[in-house]
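A.B. asks: If you scroll down you'll find the structure; I have some questions about it.
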Amino acid sequence: MSAPSDPHSGADSIYATWLGLIPQFFGQLGATMPAGAGAGAAAMPGLAFPLDQVARAATMTQAALQDMATVYAPMLQAAGASGLLGQWAAAMPAAVGMGSGGAASPSSASTAAPLAFQALQQAWIDFGSQLAGSLTRFDSTAFDRTFGALSDAFGLGPLRQFQAAYKDLLAVGIAQADARTKYAMLVQGAFAAGFDRLLARLADMAGKGERIVSWLALLRLWAVCTEEAVHDVLQSEQGLAATAALSRAGIARRRKLQHIAGIVADALDMATRRDLDDAFREIQELKRQLRARQQPAPAQVPAARPTANRRRKGGPKR
Amino acid sequence: MNSAERAMLAARAASALAITPASLASELQSAQKKIQRGLKRLEALSEDDLAIATVPREEVWREDMVRLYRCRPVVARPHPVPILITYALVGRFQMIDLEADRSLVRKLLAQGFDVYFIDWGLPSRAQRWLTIDDYVSGYLDRCVEVIRAASGEEKINLLGICQGGVFTACYAALFPQKVRNVAFTVTPLDFHGDKAEPQSGAGYMNLWARALSAEDIDDLVDAYGSAPGSMVGMAFLMMNPVSNLAKYTIDLIDVFDDEAKLLNFLRMERWIADRPDHPGEVVRQWFKDLYQDNKLIRNELVLGGRMVDLRNITMPVLNIYATGDTVIPVSCSKGASRHFGSADYTELAVPGGHIGTFVGGKAQKILGPSLADWFRARSG
């Protein structure tokens, strides 16, 4: 039997991303969950994957709903549906700017909303960076600790080569920050556009005499509208260019980090990434040669017969 | 839209909302109860409850990380021409047998077929140099040889899924003398098909790939070696980021309230999260030769020094696409008849999305029976 996948390798990191985004997701809607709330603590430790992760997501959802109920009930009481939409508008980036027009004053939760959006923005940046193949802040810190300490311990810091490489790393780090900012601006615009789309959809429904009576249905409609806006923005020429730029910046930074790691490894006479790759490439080439010896040459394979579907007696000779 | 316009729109929008403090409290109380019940359900579940791909099978061949399995036939005398199912590298084969009642494999077995499938396994760093040719002319060909020997059939039936469909197409073009019939499901054949019919929310991979240069792809592969499974998984999830967040939050509420739905959800999550690393050289070819240069449909793809000419696919072809597929846009799959050498080409649309083809209720009723009928009619 094949070895089962290790669910704690890639799967955990994907779930960690989602769990980290949940407070920001609800923060958009005015819930005041602190960023990262519940993401780290195991709800059902020791259970089969992904029970614990799903339990954590549900627990965070439960807390967010409770918080929203606390915030929204008095708002609905005082200002009706306009108050509700005003709360959401306050949670949107400033570009949306609906809070001053027609809507009721946002509740105390609204003061946390812009912060929630900033947190969402940062989460999106990290999210996009993972997609693009760059290192997250955590990875960078781990790298600095490992190789920074190593270089110090072995007196490599002053080496001209190492210093030059580190300078290059700083330069690509700046370029990466620029790419991240541009990407985040686009995402911010997409969320604002998604809210406008929700308003338009609701106004259209109102015109047809349709009503939404369920809070959760409203949340789902918001998600649909926002998703559509995100698609439009990220699939636009500008969105694709920003994603590509983010990808290039992440790759450039990773290669600079690898270069530094290579300098350290060379100095310590340790196998480098290139050494390993060369060895693996050679092994693969040898396997190909072996396969070629075991198979008949392509020219010896009989040509295809368009209607040949006859069964061969006794099966193929081996 | 300026703030005054938005305020007017909001005022109109607000009249569509009939949510009251009482209805809000009642709905949230109900949601809390559902979540509590769901959490209790989670606590009671075991590893066995969550197991996927449990069809009885035996390993009949292995090399490196690749395994070939033969599913245990459920009829005394299975159909003599076996079917080999080839899944993609970007996910695991378990999708073809996610649950007992949502299993393409079991449906084919029930129809009396002798079914084999390949598990591509978990490529390690050592496999970063594997190319598409290593998969097609190497592992896949060995699997076909094993099945030919075991069955005594000169030619066998091939069923390729998504990326596995591309491998299968390449194989059928390079080794037509070993293939009786070939079926593709949700397979990208024309990688530029989306250009003619752009669709919001669909074809992200096509767009991302074309937004990068060939040098960007080289840099990506050189920087990473193999593409980490988590990165591949994230790329898929990024295609629908907001609805994925809704899935893990507000949509969980109803899922938690239904035991069957909850089990479906959890098993699917297991599959989604299980992403193998993707060998770097395959990534390079996949993006440069296929997504960027569209060489497959142009008969320009070269594998192991041999040109992949789809016109060599003269055996019967069944091409199945999903009408709601956003990963592989419909326009990248359908309408491929003229590119094959076969005089017997059939196309079939199934409802649902890329994965829904294999697990969706409506698609399940169509996919398995259609494949069985088609193979049976051409394997006598």
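The values are calculated or read from the model by the stated rules, or taken from the named source; none is laboratory data. The shown structure was predicted, so the numbers you read here are calculated from the model rather than taken from an experiment. A quick note on method: Cβ atoms are made from the backbone with ideal geometry, for glycine too, and the neighbour counts reach across all protein chains shown. Side chains included, ligands, DNA and RNA excluded: accessible areas come from the protein's heavy atoms. Shrake-Rupley method; radii C 1.70, N 1.55, O 1.52, S 1.80 Å.
A.B. asks: Let me confirm one metric for peptide B:315-322, namely the mean number of other chain beta-carbon atoms within 10 Å of its residues' beta-carbons. All intermediate terms of the calculation are to be shown ahead of the outcome.
C.D. replies: Working: counts 6, 1, 0, 0, 0, 0, 0, 0.
Partner Cβ neighbours, averaged per residue: 1.
A.B. asks: Using the C-alpha gyration tensor of chain B, what are the square roots of 5 times its eigenvalues, in whole angstrom, with the largest one first?
C.D. replies: For chain B, the semi-axes come out at 38, 27, 20 Å.
A.B. asks: Once the dipole of the range B:171-304 is set up with Lys and Arg at +1 and Asp and Glu at -1 on Cβ about the Cα centre, which of B:TYR291, B:ILE253, B:TYR204 lies farthest towards its positive end?
C.D. replies: B:TYR291
A.B. asks: Ok, one more. Note down the Stokes-Einstein diffusion coefficient of the range A:190-263 in µm²/s, whole number, using a Kirkwood radius over alpha carbon pairs, 37 °C, and 0.692 mPa s.
C.D. replies: 217 µm²/s
A.B. asks: Quick check: the distance between the Cα centres of the range B:38-117 and the range B:299-322, to the nearest angstrom?
C.D. replies: Answer, in whole Å: 27.
A.B. asks: Counting protein heavy atoms only and a 1.4 angstrom probe, how many square angstrom of accessible surface do chains B and A bury in total, to the nearest 100? Write out the running numbers ahead of the final one.
C.D. replies: On the way: alone 17480 and 20210 Å², together 27560 Å².
Between B and A, the summed buried area is about 10100 Å².
A.B. asks: Let me ask you something else. Rg/Rh for the range B:148-277: what does it come to with C-alpha atoms and Rh from Kirkwood?
C.D. replies: Using only Cα positions, Rg/Rh for the range B:148-277 is 1.06.
A.B. asks: Only Lys, Arg, Asp and Glu count, each charged at its Cβ (+1, +1, -1, -1), so figure out the dipole size of the range B:172-230 about its Cα centre, rounded to 20 debye.
C.D. replies: My answer is approximately 500 debye.
A.B. asks: Within the range B:324-380, report the trypsin sites (Lys or Arg not before Pro) that DSSP leaves as loop and that have at most 13 other Cβ atoms within 10 Å. Walk me through the numbers before you get to the answer.
C.D. replies: Details: sites: B:LYS334, B:ARG338, B:LYS362, B:LYS365, B:ARG376, B:ARG378; in loops: B:LYS334, B:ARG378.
Of the trypsin sites (Lys or Arg not before Pro), not one in the loops of the range B:324-380 has a Cβ with at most 13 other Cβ atoms within 10 Å.
A.B. asks: Can you spot the lysines whose alpha carbon is less than 23 Å from B:LYS295's alpha carbon? Ignore those fewer than 8 places along the same chain.
C.D. replies: Hits, sequence-local ones excluded: B:LYS195, B:LYS334.
A.B. asks: Next question. If amide hydrogens are placed 1.01 Å from N in the peptide plane, which non-local residues have theirs closer than 5 Å to the one on B:ALA227?
C.D. replies: B:HIS278, B:GLY280
A.B. asks: Now a separate question. From the phi of every residue in the range B:182-196, what ³J(HN,Hα) in whole Hz does the Karplus formula 6.51 cos²θ - 1.76 cosθ + 1.60 yield, where θ is phi - 60° and glycine or proline is x?
C.D. replies: My calculation for the range B:182-196 gives 10, 10, 10, 10, 5, 9, x, 10, 9, 6, 10, x, 5, 4, 6 Hz in order.
A.B. asks: Residue by residue through the range B:171-176, which ³J(HN,Hα) values in whole Hz follow from phi under the Karplus form 6.51 cos²θ - 1.76 cosθ + 1.60 (θ = phi - 60°), with glycine and proline marked x?
C.D. replies: 5, 5, 6, 8, 10, x
A.B. asks: Using amide H atoms built in the peptide plane, which far-off residues or other-chain residues are under 5 Å from B:ASN319 H to H?
C.D. replies: Placed amide hydrogens put B:PHE184, B:THR346, B:GLU347, B:LEU348 under 5 Å from B:ASN319.
A.B. asks: Can you give the relative contact order of the range B:1-101 as a percent, counting alpha carbon pairs under 8 Å and 6+ residues apart? Show your work: numbers first, answer last.
C.D. replies: Details: 41 pairs, mean separation 24.0, N = 101.
In percent, rounded to a whole number, it is 24.
A.B. asks: Ranked highest first by average number of other Cβ atoms within 10 Å, how do A:172-182, A:229-239 line up? Let's see the in-between values first.
C.D. replies: Details: A:172-182: 17.0, A:229-239: 18.9.
The packing order, highest mean first, is A:229-239, A:172-182.
A.B. asks: Once phi is turned into θ = phi - 60°, what whole-Hz ³J(HN,Hα) does the Karplus curve with 6.51, -1.76 and 1.60 give for every residue of the range B:266-283, x standing for Gly and Pro?
C.D. replies: 5, 5, 5, 4, 4, 5, 4, 7, 8, 10, x, 5, 10, x, x, 5, 5, 4
A.B. asks: Still on this model: B:ASN181's amide H: which non-local residues (gap 5+, or another chain) put their own amide H closer than 5 Å, with H modeled 1.01 Å from N in plane and none for Pro or chain starts?
C.D. replies: B:ASN157, B:LEU158
A.B. asks: Now, a different point. Shielding by partners for A:71-83, please: the mean number of other protein chain Cβ atoms within 10 Å of each residue's Cβ.
C.D. replies: Partner-chain Cβ atoms within 10 Å, mean over residues of A:71-83: 4.
A.B. asks: Determine one quarter of the surface area of the Cα convex hull of the range B:188-242, which equals its mean projected area, and express it in nm² to one decimal.
C.D. replies: Numbers: hull surface 18.7 nm².
Quarter of the Cα hull surface area: 4.7 nm².
A.B. asks: Rounded, prolate or oblate: pick one for the range A:253-296, where a ≥ b ≥ c are the square roots of the eigenvalues of its C-alpha gyration tensor, a/c under 1.5 means rounded, and failing that, prolate if a/b is larger than b/c, else oblate.
C.D. replies: Details: a/c = 8.95, a/b = 2.88, b/c = 3.11.
Taking the square roots of the gyration eigenvalues as a ≥ b ≥ c, the range A:253-296 is oblate.
A.B. asks: Let a ≥ b ≥ c be the square roots of the eigenvalues of the Cα gyration tensor of the range B:103-153; is it rounded (a/c under 1.5), or, if not, prolate (a/b larger than b/c) or oblate?
C.D. replies: Oblate, because a/c is 1.5 or more while a/b does not exceed b/c.
A.B. asks: With labels modelled as points extended 7 Å from the Cα through the Cβ direction, what inter-label distance (nm, one decimal) is found for B:ARG125 paired with B:LYS362?
C.D. replies: 4.8 nm
A.B. asks: Expressed as a whole number of Å, what is the distance separating the alpha-carbon centroids of the range A:173-194 and the range A:196-246?
C.D. replies: First find each Cα centre; the distance between them is then 18 Å.
A.B. asks: Here is a further query. Could you work out, residue by residue across A:45-55, how many beta carbons of other chains sit within 10 Å of that residue's beta carbon, and then give the average as an integer?
C.D. replies: 6
A.B. asks: Still on this structure, I have one more. Give the shape of the range B:38-153 as rounded, prolate or oblate, defined through the alpha-carbon gyration tensor: a ≥ b ≥ c are the square roots of its eigenvalues, a/c under 1.5 means rounded, and otherwise the shape is prolate if a/b is larger than b/c and oblate if not.
C.D. replies: Here the range B:38-153 falls in the oblate category.
A.B. asks: Then there is this: Of all beta bridges DSSP finds with both residues in chain B, what is the antiparallel percent, to the nearest 5?
C.D. replies: Around 40 percent antiparallel, to the nearest 5.
A.B. asks: Go ahead and run the numbers for FRET between B:GLU259 and A:LEU290, Cβ-Cβ distance against an R0 of 56 Å, rounding to 0.05.
C.D. replies: 0.60
A.B. asks: Can you give me the distance in nm between label points at B:SER26 and B:ARG72, each placed 7 Å from the Cα along the Cα-to-Cβ direction?
C.D. replies: Reported label-point gap for B:SER26 and B:ARG72 is 5.3 nm.
A.B. asks: Count the DSSP beta bridges whose two residues both fall in the range B:264-356, then state the antiparallel fraction as a percent rounded to the nearest 5.
C.D. replies: Roughly 25 percent of the DSSP beta bridges within the range B:264-356 come out antiparallel.
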